[in-house]
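As structure tokens, the structure follows; a few thoughts come after it.
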Amino acid sequence: MKLDRLIAGYEAMGRQAAHLAIAARRVRVNEVCVTDGHHPVDRFMKLELDGVVIQEAARALYLMLHKPVGILSATKDDQHPTVIDLIDDPDKHTLHIAGRLDRSTSGLVLLTNDGRWSKRLMMAEEEVPKVYLVETLDPIAPDAVEAFARGFYFHTEDITTLPAGMVILDERRARLTLHEGRYHQVKRMFHRVGNRVTSLHRESIGGLALPADLPPGAWRALTAQEIPAAFG
Ligand code: URA
């Protein structure tokens, strides 16, 4: 939102009075006087008019969580425990998930209450590699590597999957890099080559890898350096 709109809405001041107040240097954003009505503002900024706080800065949350198998990537569910149940932050009810995992998948999940950050992450999705460790029921055929790189046509969505990088680690294990996040994507891709995923674990998103000291079920806040690192 722009500063002038937010001020105009404060006690129904209106657009003109808001412009006058901003021009008269009566408005401060995060302790700094702002005279540009188009200055972008959000709920994470503190706003003052004539020294009176008209909006307290909301607490921005950016978390990483090691999702265990069996936990749902959802904020609420009547039947199964969710990733939110694993978090004990007082503001956890404000969180949403930036990229879900299936209940049977483990690994890195990012959560935030900053819609602009998660939207940017989703928009940049093609540039953001997501790395999965996959175990399969049957041996992985060497020609699957080329098939994954070519992409598969998914009839239900009418899309062809983006080139995926696969490195076969041993007979039934591979490391797969995707640049998108379609519904059950890894499982559907392996199904296409006549195989079945028996275990799936997300190791990283962009520049963020699941740390070795974050056990299943644990979470922590991202550091200031990690927040932009998610974009790759
Ligand atoms: N692909 C899947 O099939 N499941 C996931 O949880 C993530 C990617």
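Derivation of every value follows stated rules applied to the coordinates shown; laboratory data play no part. Quick caveat: nothing in here was measured; it's all calculated off a predicted structure. Because the Cβ atoms are built from the backbone with ideal geometry, glycine has one as well, and the counts that use them run over all protein chains shown.
Taking just the alpha-carbon atoms of region 137-226, what radius of gyration and Dmax come out, in angstrom?
That works out to 15.0, 43 Å for Rg and Dmax.
Per 5 Å bin from zero, what fraction in whole % of the C-alpha pairs of region 62-229 is there, up to the bin with the longest pair?
Percent of Cα pairs in each bin: 2, 8, 17, 20, 20, 15, 10, 5, 1, 0.
Note down the magnitude of the dipole of region 106-232 about its Cα centre, charges +1 on Lys and Arg C-beta and -1 on Asp and Glu C-beta and zero elsewhere, to the nearest 20 debye.
Working: 15 positive and 16 negative charges, 52 e Å.
The calculation lands at about 260 debye.
So what is the calculated 222 nm ellipticity per residue for the chain, using -39500 (n - 2.57) for each DSSP H run with n of 4 or more, over all residues, to the nearest 500 deg cm²/dmol? It would help to have the intermediate numbers written out before the result.
Values: 6 runs with 44 residues, N = 232.
Rounded to the nearest 500, it is -5000 deg cm²/dmol.
Mind checking the dipole of region 17-75: about its Cα centre, +1 per Lys or Arg Cβ, -1 per Asp or Glu Cβ, Debye to the nearest 20?
Charge dipole of region 17-75: 160 debye, to the nearest 20.
For region 3-55, what is the largest minus smallest coordinate of the Cα atoms on each principal axis, given in angstrom and ordered from greatest to least?
So the extents along the principal axes, rounded to whole Å, are 24, 20, 18.
Taking Rh as the Kirkwood radius, which is the inverse of the mean 1/r over Cα pairs, what is the Rg/Rh value for region 1-98?
Checking Rg against Rh, the ratio lands at 1.20.
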